[in-house]
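The values are calculated or read from the model by the stated rules, or taken from the named source; none is laboratory data. On a predicted model such as this, the values are computed, not experimentally measured, just so you know. Note that we place each Cβ from the backbone using ideal geometry, even for glycine, and neighbour counts take in every protein chain shown. These accessible areas exclude ligands, DNA and RNA; they are computed on the full protein's heavy atoms, side chains included. Shrake-Rupley method; radii C 1.70, N 1.55, O 1.52, S 1.80 Å.
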Amino acid sequence: MLSSVKSIAVHAEDVYVLADAVYKVTPDSALEKVISDSDSVWQAPGLINAYEGNIYLVDTVKNWIWKYFKNDQGFSAIQDYFLFDTIANLNGIADLEIDGWVWLARGREIMRFAQGKQDVWNIADLPTPLGSVVNLYTDPSLHNIYILDPGNQRVVVVDKTGVYLAEYHWASQLDIADFVVSEALKKILLLSRGTIYAIELR
C-alpha cells in the first residue's frame, strides 16, 4: 500500500494517508483504514487535507472536491464540498491547503473557495509574476499565505486578502520538493534532496 501513497494530511496528532483508500497512522505505526472507496463515487482523488477533523479529497477526474465529516463513529458518508452550481477546472491541481478557506494551486494560478463556492482572489502589487508552477502553505494559525515559486527561487508572502507583503530568495540552485512555515518560530523550512534549509522570517 505504501508504494501507492498519493498524499498525506496531518491534523493535530492524526496523520492520514491517501492511497487506494484513506488510512490513519496509529500510535504503533500501523495503518487503519478509515475511509473506503469501495462504495463511493471516487474516480481518482490525488490530494488530501484535513481541517477541524474533517477530510477533504481533490478528485481531478471527477473535477470535484469530496468531504467527510468527523463524527463519533469515525467519518460520515461522502459529501460534496462544492455547491451544485460551482464549476471549477481541477485538472492539474498540485496543492490543497485549508485554513477555513479551501486553497488550490494549479500552475501559477491560485484559487480560493468558501463554503463550496469560488471567491474572487488575486495578488495585488506582485513585483515579478509567479513562475509556471507554484505550491502553497497556510493553516488556521498563520496570518499569511506562503507561495513556493521554485522557478524564481523564492517564497512569496501574501496576506489572505491578496496583498503582497514580501519575498524570500535562495542563492543556490536547490531542487525544492516541499516546504513548511512557522510564524511562531519565524522560519521557512525548505526540503531539498533530503536536506532541510531554513530561511528566517523578517
task = Starting from region 46-69, take each residue that is on the phi > 0 side of the Ramachandran plot and list its partners that are basic (K, R) and outside any loop (DSSP other than H, G, I, E, B), counting only C-beta distances under 8 angstrom and pairs at least six apart or across chains.
result = E52/K70; G53/K70
Residues satisfying the stated conditions in region 184-202, i.e. loosely packed, with under 14 Cβ neighbours inside 10 Å and either assigned to a loop (DSSP other than H, G, I, E, B) or β-branched (V, I, T) (or both) = A184, L185, K186, R193, G194, T195, I196, R202
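Take region 97-154 and flag every residue that is under 19 Å from L165 (Cβ atoms), β-branched (V, I, T) and more than 16 Å from the chain's Cα centre (by Cα).
Of everything in region 97-154, those that are under 19 Å from L165 (Cβ atoms), β-branched (V, I, T) and more than 16 Å from the chain's Cα centre (by Cα) turn out to be I123, T128.
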note = Among the residues of region 94-133, the number that are touching a residue at least 40 places away in the same chain (Cβ under 8 Å), touching an Asp or Glu at 6+ places or on another chain (Cβ under 8 Å) and among the charged types (D, E, K, R) is 2
request  = Starting from residues that are out of contact with any Asp or Glu (no Cβ under 9 Å at 6 or more places or on another chain) and modelled with pLDDT of 90 or more, keep the ones in region 34-57 and report whichever is most open to solvent (accessible area, probe 1.4 Å).
outcome  = E52
message = Can you tell me which of (1) more than 25 Å from T60 (Cβ to Cβ); (2) surrounded by 14 or more Cβ atoms within 10 Å (Cβ to Cβ); (3) modelled with pLDDT of 95 or more is the one L174 doesn't meet?
response = (3)
message = Looking at region 75-89, can you tell me whether even one residue there is open to solvent by less than 20 Å² (accessible area, probe 1.4 Å) and of a type in the set (S, T, Y)?
response = yes
request  = Please go through region 53-73 and pick out each residue that is within 13 Å of A9 (Cα to Cα) and in contact with a Gly (Cβ under 9 Å, 6 or more places away or on another chain).
outcome  = L57, V58
Scan of region 21-45 for residues that are more than 17 Å from A9 (Cβ to Cβ) and among the charged types (D, E, K, R), ordered by number = D28, D39
task = Could you grab me the full set of residues in region 155-183 that are in a loop (DSSP other than H, G, I, E, B) and either more than 15 Å from L201 (Cβ to Cβ) or within 18 Å of the chain's Cα centre (by Cα) (or both)?
result = K160, T161, G162, A171, S172, Q173, L174, D175, E183
Matching option when the condition is closer than 28 Å to A21 by Cα, modelled with pLDDT of 95 or more and not hydroxyl-bearing (S, T, Y), among N135, N63 = N135
